[in-house]
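Shown next, in structure tokens, is the structure this report addresses.
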Amino acid sequence: MLTALIAAGVVPGMGFAQQNAAAPADDPNGPATVSAEEMTGRPDREVFLERDVEIIRGPTTVTSDRATYRVLEDEVEASGNIRLRRNADSYTGDDMRLKIDTGEGFITHPTYHLGKNNAQGRADRVDFESREEATITDSSYSTCEGPDPDWYLKSGIMKLDTGRDVGTAYRSLVYFKGVPILGAPAISFPLSDARKSGLLPPTIGSNSKGGLDITTPYYLNIAPNRDLTLYPRLIARRGLQLGAEARYLGETYNGITRAEYLPHDRLTNSDRYLLSSLHNQTLAPGLFANWNLNFASDDNYMSDFTRNLTNTTQRLLARDINLNYAGSFWSSTARLSNYQVLQDPAAPITKPYARLPQLTFLSGQQDVNGFDWNADAELTRFWHADLVRGNRMVINPRLAYPIINQAFFVIPKVQVHATRYQLENTAPGASTTLSRTVPIFSVDSGMVFERDARFFNLPTTQTLEPRLFYVYAPYRDQSAFPLFDTAEADLSFGQLFSENRFIGNDRISNSNQLTAALVSRFLEPSGALRARFAIGQRYYFTDQRVSLTSTATESRSDLLLSAYTQLSRSLSFEGNTQYSQSLHKLRRASLFGQWQPEPGKVLNLRYRRDLPNNLEQVEVSGQWPISRRWYGVARVNYSLPDKRIAESLGGIEYKADCWVFRLVGQRIPTATQQSTSAIYFQLELTGLTRLGSNPLDALRAAVPGYQMVNQPRPNP
């Protein structure tokens, strides 16, 4: 075996040295290492190589039975058992010509393998335009391994651009299990996860309201920070809907805008549309603006057209515009807000007040000679077509003196909540000017104890954290005050330690009360939480005279209990309960257990109870292998008061080595006593496209812990 180090492009007369030297593998401009059983020719111009030929230059390696290497042109002409390796890609063929420095050339009757996405195929010829671009004639393409792939793309001409990670096939057919399933004059597909312009695979589904539903999106990658998706959607019973979604991102701005329009819905005999826009803008240092604008043509738009479970039940479309300026210790905001209400005739709701405008000022500093201070102010004009409307001004200064160390804390705080109203559209004889000033005093205190303990035979640190929170606020008659933005807060651990029982500024509760709570945690040496247990309750020393309904005379609030435990890496439980000791029943409860022994295996059990809203549900969901390649996924939400299934989802997934098939059916409520049933099916050809509808969003929302069956799994 003869080995030579040859410098491409050297001047004539340079010596030919036999030596065992190699060019750096990452240097495409380095010298070429040439080896063969027999070498003849002139090493400064042209070298003829026979038997076991190997030529290496930078990331390019060529092996063959025979070859000619032209030094000045840096060109290889080879034949017989050719193998070309360049970076992670490899080609084999019968004859080849290649300029190594530019990557230009061709291979006849090749097979090829692309390392970035594990794609492979055969062709009549490959023409290399550069190191990154190639044109393949009469080719096949697949990410399946083996000589007989489950699916492959057959095309007359295929262009691969590894620089942009884009492949484009012309006069193409997609075969699955030997059967052509998709044909197109041109198909564009990714060679990696990078974004690219092109026609996206159609989504096909069906639901009980619109029938067959086909969407054919086209994606435009306008710039690295801007894109546009056009998605015409054919709904069998309704007509053709046109949609577009634009996304943009800059150094000082970002946003997303979506528009949909159906010129004539055959079921309603009306035009239907939706417009949604989110935008955030930095106007100057400290000065920010944003908007959230949403418009729909009618009350039933979200339930008739959306595929998203959250949006189907959405009944308030926000319209907000904000301007915010932040200083070193203060910020101010100007806001305009309104809502469009999507009414359900069986359960109508009152439209919220519009804020036209709302001006807020927030300020505060910590540790100013040991004190923390805050001073907030708000001026809002509330407008409603039918209800009392007017202006509300709120001023709320607060002063606290925290005493904190590692073992305990005590935080006394005083504040004044002053409010003034100028009202319109009031009842005859009612006052149009109202005011209220409420001083509030509170003390928050707690301690932290620690000890070494064991949790399920594992060494942990157990904490014991008692906490007391006292609040005093005198009673002020507020029965004549309007309710612009206020409601009574649901009881929770966070609300137990709040000075006001109400959300909003229209009601300030009278208080002479003490909250007592106890929390215990079990922490691993790494700091990870293995378990947490908490209990808390509020004790009233005077009646709760400020109320939205009537005076409350109970001496204590409901009892709150909370628990979380990670029994093992795969099994966890979490529960929160609100127990009424006067009624001797659970008013609210949320219990959740999850067993996830490994990726692709998860079982969830959830119980929810909300007695004030007559809600009590049991939910079971999970994802589990049925056999070696089959997976089942399901969710059932059963309403105990109604004795019926409120929501359900069921499906199967089949995972092959290079493709996945999914079939999912879903039933979701869209209004009172109304629901929509939909079916999704999807064939995912790994590395090429997804055909059918997209059930993945529904699966992730319905089954906590769901993972795609072809998602790479972490090493144990």
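The values are calculated or read from the model by the stated rules, or taken from the named source; none is laboratory data. This one's a predicted model, so the numbers in the text were calculated from it and none came from an experiment. We place every Cβ from the backbone using ideal geometry, glycine too, and count neighbours over all the protein chains shown. Calculation scope for accessible area: heavy atoms of the full protein, side chains included, ligands and nucleic acids excluded. Shrake-Rupley method; radii C 1.70, N 1.55, O 1.52, S 1.80 Å.
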In whole percents, the bins of 5 Å from zero upward hold the Cα-Cα pairs of region 477-562 as 3, 13, 20, 20, 15, 10, 7, 6, 4, 2, 1, 0
Of region 334-361, those with amide N under 13 Å from the point 7 Å along the Cα→Cβ vector of D299 are 341-351
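Taking N as the number of residues in region 237-304, what value does Rg over Cα atoms divided by 2.2 N^0.38 Å take?
Working: Rg = 15.9 Å, N = 68, 2.2 N^0.38 = 10.9 Å.
In units of the 2.2 N^0.38 Å rule of thumb, it is 1.46.
If packing is taken as the mean number of other Cβ atoms within 10 Å per residue, what is the order of 362-371, 288-297, 347-356, 687-696, highest first?
Most protected by this proxy first, the peptides run 687-696, 288-297, 347-356, 362-371.
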Sorted on mean Cβ neighbours within 10 Å (highest first), peptides 566-573, 32-39 come out as 32-39, 566-573
Whole-Hz Karplus couplings 3J(HN,Hα) for region 676-693, θ = phi - 60° and coefficients 6.51, -1.76, 1.60, Gly and Pro as x, run 10, 10, 9, 10, 10, 9, 8, 10, 9, 8, 4, x, 10, 6, 10, 9, x, 8
Of the residues F484, L379, T168, the Cα lying farthest along the dipole of the chain towards its positive end, which is defined by charges on the beta carbon of Lys, Arg, Asp and Glu, belongs to F484
For L615, the residues 5 or more places away or on another chain with a placed amide H closer than 5 Å to its own amide H are D610
Region 159-217, Kirkwood Rh and Cα Rg, ratio Rg/Rh at 1.07
Heavy-atom accessible area of the chain with neighbours in place, 1.4 angstrom probe: carbon+sulfur share in percent works out to 56 percent
Expressed in angstrom and rounded, the centroid-to-centroid distance over alpha carbons for region 125-147 and region 629-679 is 41 Å
Check: C-alpha center region 377-411 vs C-alpha center region 187-255, spacing in Å is 44 Å
In cubic angstrom per residue, the convex hull of the chain built on its Cα atoms measures 246 Å³
Once phi for every residue in region 265-274 is put through the Karplus expression 6.51 cos²θ - 1.76 cosθ + 1.60 (θ = phi - 60°), the whole-Hz ³J(HN,Hα) values, with Gly and Pro written as x, are 7, 5, 7, 10, 6, 8, 7, 10, 8, 9
CD proxy, 222 nm, the chain: helix-only mean residue ellipticity via -39,500 (n - 2.57) per DSSP H run with n ≥ 4, per residue, nearest 500, stands at -500 deg cm²/dmol
Counting all Cα-Cα pairs in region 385-466, those more than 15 Å apart amount in percent to 73 percent
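What is the sum of charges around Q478, taking Lys and Arg as +1, Asp and Glu as -1, for the other residues whose C-beta is under 12 Å from the C-beta of Q478?
Result for the local shell: +2.
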Here the Cα Rg-to-2.2 N^0.38 Å ratio for region 198-267 is 1.31
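Region 552-708: D in µm²/s via Stokes-Einstein (Kirkwood Rh, Cα pairs, 4 °C, 1.567 mPa s)? Mind dumping the intermediate values first?
Numbers: Rh = 17.8 Å.
Approximately 73 µm²/s, per Stokes-Einstein.
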In whole Hz, the Karplus estimates of ³J(HN,Hα) for region 516-530 (6.51, -1.76, 1.60; θ = phi - 60°; x where Gly or Pro) are 10, 9, 9, 10, 10, 10, 10, 10, 6, x, 6, x, 5, 7, 9
Most packed first (mean Cβ within 10 Å per residue), the peptides 375-387, 521-533 order as 375-387, 521-533
Amide H neighbours of D74 at under 5 Å, excluding residues fewer than 5 places away on the same chain, with H built from the backbone geometry, are G9
For region 359-474, the per residue accessible area (1.4 Å probe, Å²) is 58 Å²
Label model pair E104, L278: point-to-point distance (7 angstrom along the Cα→beta-carbon line) in nm is 4.9 nm
Hull volume per residue for region 238-353, using the convex hull of the C-alpha atoms, in Å³ is 134 Å³
